[in-house]
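The values are calculated or read from the model by the stated rules, or taken from the named source; none is laboratory data. Predicted model only: the values in this text are computed from it and were never measured. Cβ sites come from the backbone with ideal geometry, for glycine too, and all protein chains shown count toward neighbours.
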Amino acid sequence: MKLIRFGEKDNEKPGVLYQGKRLDCSEEFRDWDRDFFQNNGLKRLEKYLESNAAQLKEVSDSTRHAACIGRPGMIMCIGLNYSEHAAESNMAIPEEPIIFGKATNTLSGPYDEVSIPKNSTKTDYEVELGVVLNKDVLYLKNEAEAAEAIAGYCVINDLSERTFQLEKGGQWIKGKSCPGFSPVGPFLATPDELGDLNDLKMTLSVNGELRQNGSTSFMIFRPAFIVYYLSQFMLLEAGDLISTGTPAGVGIGLNPPSYLAKGDLVELSIEGLGTQKQKMI
């Protein structure tokens, strides 16, 4: 299944992408949020579509594409999780996952405009594979258990302000939590929708210039291991979002570095998970 949300900000509704059409599921479901995922929502949605898909109302093409999940309890991120990105950052490949967080109110739609933050000179982009959980987990025993806790996957642009992140002291969250800095979607794909998760093509361009051209094959720590690892330190809840790192080609890693400016158009995609576009304003 491919889960979507649509509608104006703070009034989003749940739906699905079904046979190429956006369908409205709001008469049966309130949102794709913690309550939905925690209470066997994916199974209930599957049964609902089997009986009702043909009768569901189609969503107009002009209706805003919202983030594909409701606001999560946490957005956890993994740093330097691609070998080539670690190399361009002049940092050693980590022996254990590097963990940081983003404010959950950064969540935005895949085609929303994003404002360059006040006083920013180094706003950067990062195409990443997102993981959403379908249950609460703590102290998982192995990666197999972790895989069963994954509801699906999506595209994330882990937008970052590098001065705030790296030059102001403290933790990275300062440079990761500006408004709109987590465009998510256009849809959440359940695991059965994807082919080989270990070799998904990932691309990002700025004003038509290809900047990132990578693959999940370069990922150091795989999604199931990341979920297992995080559960050893914290309670992960249904609906939580994990951003699993970015391949080489980010602005800070170019020679010379190249950052986003007002008017720039960022386009990013992951094989099987769709495409995002954001205009920077």
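Okay, here's what the table says:
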item: Filter result (under 17 Å from Q212 (Cβ atoms) and crowded, with 20+ Cβ neighbours inside 10 Å) within the range 231-250; result: S243, T244, G245, T246, P247, G249, V250
item: Filtered residue count, the range 35-66, keeping only those that are over 13 Å from L133 (Cα atoms) and part of a loop (DSSP other than H, G, I, E, B); result: 9
item: Number of the exception - D196 against (1) under 29 Å from D136 (Cα atoms); (2) in contact (Cβ under 8 Å) with a residue 12 or more places away in the chain; result: (2)
item: Any hit, the range 5-22, residues being in contact with a Pro (Cβ under 6 Å, 6 or more places away or on another chain) and under 15 Å from R64 (Cα atoms); result: yes
item: Among the residues listed as E50, E27, E46, the single one being surrounded by fewer than 14 Cβ atoms within 10 Å (Cβ to Cβ), farther than 15 Å from G109 by Cα and touching a residue at least 40 places away in the same chain (Cβ under 8 Å); result: E46
item: Flag for I69 being part of a loop (DSSP other than H, G, I, E, B) and modelled with pLDDT under 95; result: no
item: Strands (runs of 3 or more DSSP E) enclosed by the range 74-179 - at least 1 residues per element that are among the acidic types (D, E) and either surrounded by fewer than 14 Cβ atoms within 10 Å (Cβ to Cβ) or assigned by TED's automatic domain parsing to the domain that holds G245 (or both); result: 127-133
item: When residues of the range 1-20 are limited to those that are touching a residue at least 12 places away in the same chain (Cβ under 8 Å) and more than 17 Å from T190 (Cβ to Cβ), the one surrounded by the most Cβ atoms within 10 Å (Cβ to Cβ); result: E12
item: The range 180-205, subset buried (at least 21 other Cβ atoms within 10 Å of the Cβ) and among the hydrophobic types (A, V, I, L, M, F, W, C), residue farthest from Q165 (Cα to Cα); result: A189
